[in-house]
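Colleague: Got a structure for you, questions after.
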Amino acid sequence: MRAMNLHDQTAVITGAARGIGLVTARLLAEAGMKVVLADLNSGELQEACTQIGPERSLGVMCDVTRAADVAELVQQAEAKFGSIAVWINNAGLARHRWIKDYTESEIDLMLAVNLKGTILGSQAALRAMIPHQRGHIVNVISTASLRGIPSETVYCAAKWGVRGFTQGLAEEAAPQRIRVTALLPGGVDTAFWTDASEREAPKQLFLKPDHIAQGILSCLKMDDFCVPRELVLRSLDDSDFTVQPD
């Protein structure tokens, strides 16, 4: 048994130009890892890599819903930093609407980014890690995968799908000596909420991105023989809350 040696190991993080992804990239770089940040926002991606430093980071434009983009992400990561030890599927988005008000394009977008994106990223990570018989995949999901929430029905559907997929992935990956962790944050104070809805969220009850990043790092540091299969993170003051239709 041995703990994952993070020093000079390579981590790929999707949705890494801001929020949880960016804070996690900074923290892993501080822990001695080389980080590959994937995102669609080129400006924020470049700024993030500048902050971390070119010797420890690489920014790659990537649409996680496209298999070709994800394959290119693997290729660039391995070309720059070598084999991939950690893959964090963090990219996600939400559109909070009453179910009667969703457009088809909004439904497609949430299912594609949250569910398909996690599947494609995990598939690519597993293919890259199997030859080394070692690695750790972390899927950042949500407590929306634990309960149905009014005005978040499609988001819940996507996240329930990701949680079920992650459980199956963990079983398939274990014989290859690859660990899989599902991380389920409650509310986190990021731009995610502004993008999701015009309604005001109770951010005073929410965690900060650093809390989630610290949770990820703690999982990565655990002994290889121990698999943190599912970690739920919520603030002490966070409780289930619902909103009423207008």
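Colleague: Can you list the residues, at least 5 places off or on another chain, whose amide H is less than 5 Å from the amide H of S57, using H built in the peptide plane?
Modeller: Counting only residues 5 or more places away or on other chains, the set is V35.
Colleague: What lysines sit close enough to K208 to cross-link, taking a C-alpha to C-alpha distance under 24 Å and skipping anything fewer than 8 places away on the same chain?
Modeller: K208 reaches K34, K159, K221.
Colleague: Give, in nm to one decimal, the length gained when the segment between E44 and A67 is fully stretched (0.36 nm per residue of separation minus the Cα-Cα distance).
Modeller: Values: separation 23, 0.36 × 23 = 8.28 nm, distance 2.27 nm.
Value of the extension gain: 6.0 nm.
Colleague: Rounded to the nearest 5, what % of DSSP beta bridges with both residues in the chain are antiparallel?
Modeller: 5 percent
Colleague: If you take the square roots of the eigenvalues of the alpha-carbon gyration tensor of region 81-150 and sort them as a ≥ b ≥ c, do you get rounded (a/c under 1.5), prolate (a/b over b/c) or oblate?
Modeller: prolate
Colleague: Right, something else. Output the relative contact order of region 10-231, whole-number percent, from Cα pairs under 8 angstrom with separation of 6+ residues.
Modeller: 21 percent
Colleague: Taking the Cα centre of region 1-142 as origin, sum charge times position over the Cβ atoms of Lys and Arg (+1) and Asp and Glu (-1), and report the length of that vector in debye to the nearest 20. Let's see the in-between values first.
Modeller: Working: 13 positive and 14 negative charges, 86 e Å.
Roughly 420 debye, rounded to the nearest 20.
Colleague: Treating only the Cβ atoms of Lys and Arg (+1) and Asp and Glu (-1) as charged, compute the dipole magnitude of the chain about its Cα centre; round to the nearest 20 debye.
Modeller: Once rounded to the nearest 20, the dipole reads 680 debye.
Colleague: Along Cα→Cβ, 7 Å out, is where each label goes; now give me the distance between the ones at Q204 and R127 in nm to one decimal.
Modeller: Output for this residue pair reads 4.9 nm.
Colleague: Also, I was wondering about something else. What is the mean projected area of the alpha carbon convex hull for the chain, to one decimal in square nanometres?
Modeller: So the Cα hull casts an average projection of 12.6 nm².
Colleague: Under 12 Å from the Cα of K100, which aspartates and glutamates turn up, not counting those fewer than eight places away in the same chain?
Modeller: Of all the aspartates and glutamates, those that pass the test against K100 - Cα under 12 Å, at least 8 places apart if same chain - are E152.
Colleague: Return the FRET efficiency for the residue pair C226, Q167: r is the Cβ-Cβ distance, R0 is 22 Å, and the value is rounded to the nearest 0.05.
Modeller: 0.80
Taken together, the values in this text are just the output of simple stated rules run on the coordinates, not laboratory data. Here the structure is a predicted model, which means the values were calculated and not measured. Glycine gets a Cβ as well: all are built from the backbone with ideal geometry, and neighbour counts include every protein chain shown.
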